[in-house]
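Some notes on the structure that comes next.
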Amino acid sequence: MANDMTTNITISGNKELMTFLEGKHTEVFNGEDRYLSFVDAFYDDMENDRGWFIDNVGAKWCYHEDFWVDDNEAGITLISAWYPPIELIEKLYEVCIKIDENCEITGTYQDESFSPVGGFIMNDKGFNSEEDELEYPDEDDYIGDDGEVNDELYEAATEDFYNSLWDIKDELLSEAIKHSKLVETEN
């Protein structure tokens, strides 16, 4: 069974783009199949086929967990198999830039094993990402003198891990944004 990859996407843009995405939001939530409705809303030729998904989405399956739109930003949480759905993010950008040439897509992702975690940006300079691999605390590292896991120490270590996870993803996103500003646009 594939590991779940959680990808949190933010699309920034003008009011016209947000109105368009609000329509897509309605389409997605009125779709008959939660596992296909998000992808189907952005592709005219979607096929419920593993090969098609790998080629066009970037993972063998992908579905939305959340999708919201406000005045100048939309947020999307996607769950996919093994990899962040980079090809789908590229498709989202391709669709959005036709409405707002200054739109930008940013986000973070994490595998359920925390290997990898990352941040990305897609804008007029292209796609840039930064990622890292994290190690979840191992119970065996918290064995007490009695030969048993010291639950208090292990719970503290896992709490520290989760508290730092958000900071690490934010740092990776910041690095991706910083490095994207160094890329020259090809014209």
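The values are calculated or read from the model by the stated rules, or taken from the named source; none is laboratory data. Bear in mind that the values here come from a model prediction, so they are computed numbers and not experimental data. Neighbour counts are summed over all protein chains in view; Cβ atoms, including those assigned to glycine, are modelled from backbone coordinates with ideal geometry. Just so you know, the surface numbers come from the protein's heavy atoms only, side chains and all, with ligands and any DNA or RNA stripped out. Shrake-Rupley method; radii C 1.70, N 1.55, O 1.52, S 1.80 Å.
Some observations on this one:
- Every listed requirement among (1) open to solvent by 60 Å² or more (accessible area, probe 1.4 Å); (2) under 30 Å from MET18 (Cβ atoms); (3) β-branched (Val, Ile, Thr) is met by ILE143 save one, (2).
- VAL69, sole failed condition from (1) in contact with a Phe, Trp or Tyr (Cβ under 7 Å, 6 or more places away or on another chain); (2) under 24 Å from SER12 (Cα atoms): (1)
- Put simply, of LEU17, LEU92, LEU21 the only residue that is in a helix (DSSP H, G or I) and closer than 30 Å to SER164 by Cβ is LEU92.
- Total residues in region 59-77, condition open to solvent by less than 50 Å² (accessible area, probe 1.4 Å) and either under 15 Å from TYR35 (Cα atoms) or under 12 Å from the mean Cα position of the chain (by Cα) (or both): 8
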